[in-house]
Amino acid sequence: MNIVEEAIFRRAAYNSRRHFLKKCTSGLGALALGSLMGCEKALLSGAKDEKSGAGFVKGLPHFAPKAKNVIFLHMAGGPSHLELFDFKPELQKLDGQDTPKSLMEGKNFAFLKGTPKLLGPRSNFSRVGDSGAHVSDYLPNFTNVIDEVTLLKAMHTDEFNHAPAQLLMQTGNARLGSPSLGSWTIYGLGSENENLPGFVVLTSGGGSISAGKSAWGSGFLPTVHQGVQCRSKGEPVLFLSNPNKIDDHLRKRSIDIINEINRKEYENVADPEILSRISQYELAFKMQATVPDVMNIQDEPAYIHEMYGTDPGESSFANNCLLARRLVEKGVRFVQLYDNRWDTHGVGEGNGVGEGMKRSCEAIDKPMTALIQDLKQRGLLDETLVIWGGEFGRTPMMEARTGVGYDGRDHHLEAFTMWMAGAGVKKGFSYGETDEIGYYGIKDRVHVHDLHATILHQLGFDHEKLTYEFQGRNFRLTDVHGKVIHDILA
Amino acid sequence: MLLKVSDWVIFLGRFHPLAVHLPIGILLLAAIIALISRKKRFRVLAPSLDFILLLGAISAAVACMLGYMLSWGGDYNTEVLFWHQWAGILLTMVSFFLYWTCSRSAPILSGFLVRNSHFGFWIMLLLIAYTGHLGGNLTHGSTYLLQYAPNPLRVLAGLEPKAAPRPQITVLDSADVFLDVVYPLIQSKCQSCHNKDKMKGELLLTTYDEMLKGGEKGPSLVIGDLENSLMYQRVILPASHDDYMPAEGKPGLNDDELEVLKWWIENDAPPSMRLARVELEGNMPGKFKRLLGLTTSESSLPEAKVAAADTTHIRRTREQGFIVKKIIPESNYLEVRLPFTGQTLKELNIEVLLPLKDQIVWMDLSQGEVGDEDLSIIGQLNRLNKLNLANNPISDAGIVHLSDLKKLRYFNLYGSSISDRGLGILKGLGELQSLYLWQTQVTDAGIESFKKERPDINIIMGQVDFQK
């Protein structure tokens, strides 16, 4: 035993029962104080928990919002910009030629390998509208509203696979666990209509999107802010209606009792998830009356069905567009549509950018055009921001696995086109340019983070100040990136 | 620079601003002790005087040496530097001399000198003040001290009175491209190093002529020539580049600032020109507006401040069922809408809104069974900026009451019974920008005559013929 060990041993020997009891007084006191103050940081950090009656976070929004509502039309899979808005005659001339090695060096693609052939656009373009923007013959109706939109032609992203790219587009982070754009919106602005969820998700095109429900999850925000998925066919929200032989009164009483028990449990353990549960039960009960009403498109006049090309009772993008307008009218802040049919690899018939993509376009062309026109004639476009786009674009090169005549393109993160309309966005404007073959943005590139910053700006937020404290630091939708694209704002 | 100065010399030299505060403090203490120890009460301090003086004198000598090393780094106004240097050396000598007179090793002189030693300390104090002031001027620039001094004091010091600030710019056309945009930019980003006293790289950027003259690397501004204008070339380098400006980790220029600087140089760099005289293309107006602090898109709230609404009135409105809320927390302006429960004006008393007429700027009463008689109340809410009365049984008879809504910009009347006659009344709403008239009785002829008088108003009629 050396001298240090001996010293420690000696000191330990002095620790009598008396010492132990003495230390307990202060130690237990500290423990008690901790639980008195609550483990939540609410007492220290303030703002985010001080919700006023209207469900607003204090101090928000930062400035008068241009947009009260957002409708985000996400074309899951990544539609080809080269067949829709980005006219590249040079690429047509190079159709079928080998891609230069220098273009492929050091680049990551999902499926391209070796030396792929370049693939010219499979659609025909013409200049349309007063703005003279190029739009292809895949979207004949959309040309009618081209003077309402701003085209973002040099978008780019960081991810070349669907799930991470969709997460990046919807949550600002390619990894799981971040709140979605819609969640941030209702976290900041609250829901207008207390009887409907503030963030509704509608899907079409079959299957579920690669990123799954995380694309509309609330991440680290309180779970009350997550998106509520409604079905456009059958019951809009499953298990919402009363079970057999249970009437409204009994249902109401049982929910009241469950909430009372939950409230007691919350008083005991102070888990904020319990509060989410209580408010969700309450919202679900209110939604029993409001949701079937707003989701029932049968009561629309014939000319509206004709305009959108809707098919009541079925599940379709057209129905979802009409529903989006109805939801916005009822004060739903954020309506997220996913249309899942845009992954045009050309690995089978109807899966390429030729006839296959043309058919896909037929499914969206009329409804999205009608959505803009209908919002406009009702005076809603003024304060509703409509955003259209996929999670990435498609390569100017042909996909290796493409069957003969199927004309597939691979995922492409360096350039793609999106458009925005309404709520203070310029009308008939085009922003950004790509190179001769539509591979890379050469002017006014816009990253996904910049898009998010701009959307939040129109909603009245400074994207650098809309934060939520989690795991010891403040998080933002745009993390440490993002610039508002002032040039596209009127 | 004639001599190749080793990094060590400059490294040590840069401790001068730190070390220089030791002699200042210690010698001030010595002077205080020397002067107060003449009083009987403080005589007890006198024996410490020689020790403190020695300490002060030695630290002054060290500061002098470090200062000399720093001066080798160059970039200082040589004339000021000369006087600072020699005043510092003189101060060191004076403090050593005072030490010698006070120490017991000079008893012969004591009779005369001890009696008059306080003159020596007064001289020392003056030298400290003079040297210190010159040193401050070298570091911060000669205008630093009196930059914010009151004008009479500045005049007394031989400076011209503070320049009258440029008038606040409220519209883009009235701004001067150089005086209001480019010069303030140079002032904030360049002049802290390129001024008369610091002159880094022998470059001055305080006046237009100095920009043309440039520094040791050549002219900073070449009119119309972006390639050779160093003031542009240096700021667009990557921040990691050795020649990147602003140097020393100061924040660089943002995209708007770069574009505007580029535009100015390319457009013959006028030393003064109103923006009204040029046609700004593409995105340039927006960039100028942002730099001038003008909002790019018209703010949807009135600029005038308004007093907070009485909370009892707001509560009464909420009790009625209206949804009332502040548009942004910092402003007292309110938006009002009908509840989503389906309640309409048939059940709610609209008169509760009248006490809030100064605050309500946005109102949505669509599908609210608003009748013509309600419009006489709505017509008194003359701050209204956005008004949505869509899908209400409103006719021309009610529209008459709205002629006072002079601030109205957005007016939604779709699904109402307004006809050409009612439309005529709306001609008088000077601020009106968008008017929604889908599914009304208004005819094409009515719109045509309306457009003749008010071509500025955007009338939205809708895509679909609803009567089909």
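Over all directions, the projected convex hull of the C-alpha atoms in the stretch B:34-84 averages 4.7 nm² in area.
Scalar couplings 3J(HN,Hα) for the stretch A:157-174, obtained by applying the Karplus form with A = 6.51, B = -1.76, C = 1.60 to θ = phi - 60°, are 9, 9, 10, 10, 10, 4, 4, x, 5, 5, 5, 4, 5, 9, 10, x, 8, 6 Hz; x denotes Gly and Pro. Altogether, the Stokes-Einstein calculation at 10 °C and 1.306 mPa s, with the Kirkwood radius of the stretch A:333-490 over Cα pairs as Rh, returns a diffusion coefficient of 89 µm²/s. Normalised Debye scattering of the protein assembly as shown at q = 0.09 Å⁻¹ gives log10 I(q)/I(0) of -1.10, counting only Cα atoms as equal scatterers and leaving out solvent.
Rounded, prolate or oblate: which fits the stretch A:205-290, taking a ≥ b ≥ c as square roots of the Cα gyration tensor eigenvalues, rounded meaning a/c under 1.5, else prolate when a/b beats b/c?
oblate
Beta bridges assigned by DSSP with both partners in the protein assembly as shown are antiparallel in approximately 40 percent of cases.
What number, rounded to the nearest 500 deg cm²/dmol, is the helix-based mean residue ellipticity at 222 nm of the protein assembly as shown, given -39500 (n - 2.57) per DSSP H run of at least four residues and division by all its residues?
-11500 deg cm²/dmol
Please report the antiparallel percentage of DSSP beta bridges with both residues in chain A, rounded to the nearest 5. Antiparallel: roughly 50 percent of the beta bridges in chain A. With a 10 Å cut-off around each Cβ of A:366-379, the average count of Cβ atoms from other chains is 4. The alpha carbon centroids of the stretch A:425-476 and the stretch B:298-342 are separated by 31 Å. The amide H of A:L119, built 1.01 Å from its N in the peptide plane, has A:G96, A:M397, A:M398 as neighbours under 5 Å, considering only residues 5 or more places off or on other chains. The string of couplings for the stretch B:385-400 from the Karplus curve (6.51, -1.76, 1.60, θ = phi - 60°) is 10, 10, 9, 10, 10, 4, 6, 10, x, 9, 10, 4, 4, x, 4, 3 Hz, one whole number per residue in order, with x for Gly and Pro.
Near the amide H of A:D86, within less than 5 Å, lie no amide hydrogens of residues on another chain or at least 5 residues away, with H placed in the peptide plane.
Taking a quarter of the surface of the Cα convex hull of the stretch B:141-266 gives a mean projected area of 8.9 nm². Mind checking the log10 I(q)/I(0) for chain B at q = 0.06, 0.08, 0.11, 0.12 Å⁻¹? Debye, one equal scatterer per Cα, no solvent, two decimals. Calculated log10 I(q)/I(0) at the listed q: -0.56, -0.76, -0.98, -1.06. Sort the stretch A:286-403 into rounded, prolate or oblate with this rule: let a ≥ b ≥ c be the square roots of the eigenvalues of the Cα gyration tensor; rounded if a/c is under 1.5, and if a/c is not under 1.5, prolate when a/b is larger than b/c, oblate otherwise. Verdict is prolate for the stretch A:286-403. Comparing Cα centroids, the stretch B:202-228 and the stretch A:160-205 end up 52 angstrom apart. Residues B:H21, A:H162, ranked from the fewest to the most other C-beta atoms within 10 Å, line up as B:H21, A:H162.
Normalising by residue count, chain A has a Cα convex hull of 220 Å³ per residue.
Rounded to the nearest 20 debye, the dipole magnitude of the stretch A:421-490 is 220 debye, with +1 charges on Lys and Arg beta carbons, -1 on Asp and Glu beta carbons, and the Cα centre as origin. Pair-distance distribution P(r) for the stretch B:358-427, from all Cα-Cα distances in 5 Å bins starting at 0: 4, 18, 32, 31, 13, 2, 0 percent.
In straight-distance terms, cross-link reach from B:K196 covers every one of the lysines whose alpha-carbon lies under 16 Å from its own, apart from those fewer than eight places away in the same chain; here that gives B:K213. Note on B:316-329: average number of Cβ atoms from other chains within 10 Å of each residue's Cβ is 3. Looking at chain B alone, DSSP beta bridges between its own residues are antiparallel in about 25 percent of cases.
Summarising the amide proton neighbourhood of A:L489: residues at separation of 5 or more, or on other chains, whose placed amide H is nearer than 5 Å comprise A:K426.
Scaling the Cα radius of gyration of the stretch A:236-275 by the globular reference 2.2 N^0.38 Å produces a ratio of 1.46. Here the stretch B:244-292 is treated as a sphere whose radius is the Kirkwood value from Cα pairs; by Stokes-Einstein at 4 °C and 1.567 mPa s it diffuses with a coefficient of 107 µm²/s. Counting neighbouring Cβ atoms within 10 Å and putting the fewest first, the residues A:E355, B:E259 line up as A:E355, B:E259.
Remark: the stretch A:177-320 is approximated by an ellipsoid whose semi-axes, taken from the C-alpha gyration tensor as √(5λ), come to 30, 21, 13 Å, largest first. The Kirkwood hydrodynamic radius of the stretch A:347-400, based on inverse pair distances between different Cα atoms, is 13.7 Å.
Couplings 3J(HN,Hα) for the stretch B:311-325, derived from phi with the Karplus relation 6.51 cos²θ - 1.76 cosθ + 1.60 (θ = phi - 60°), are 5, 5, 5, 5, 5, 4, 5, 5, 4, 5, x, 5, 8, 10, 8 Hz, where x marks Gly and Pro. Separation of the stretch B:390-430 from the stretch A:73-145 is 48 Å, based on Cα centroids.
Fewest-first ordering of A:M169, A:M295 by other beta carbons within 10 Å of each residue's beta carbon gives A:M295, A:M169.
The share of Cα pairs per 10 Å bin across the stretch B:322-468, counted from zero up to the longest distance, runs 11, 44, 33, 11, 1 percent.
Where a number appears in this text, it was derived from the coordinates with a stated rule and is not lab data. This one's a predicted model, so the numbers in the text were calculated from it and none came from an experiment. A quick note on method: Cβ atoms are made from the backbone with ideal geometry, for glycine too, and the neighbour counts reach across all protein chains shown.
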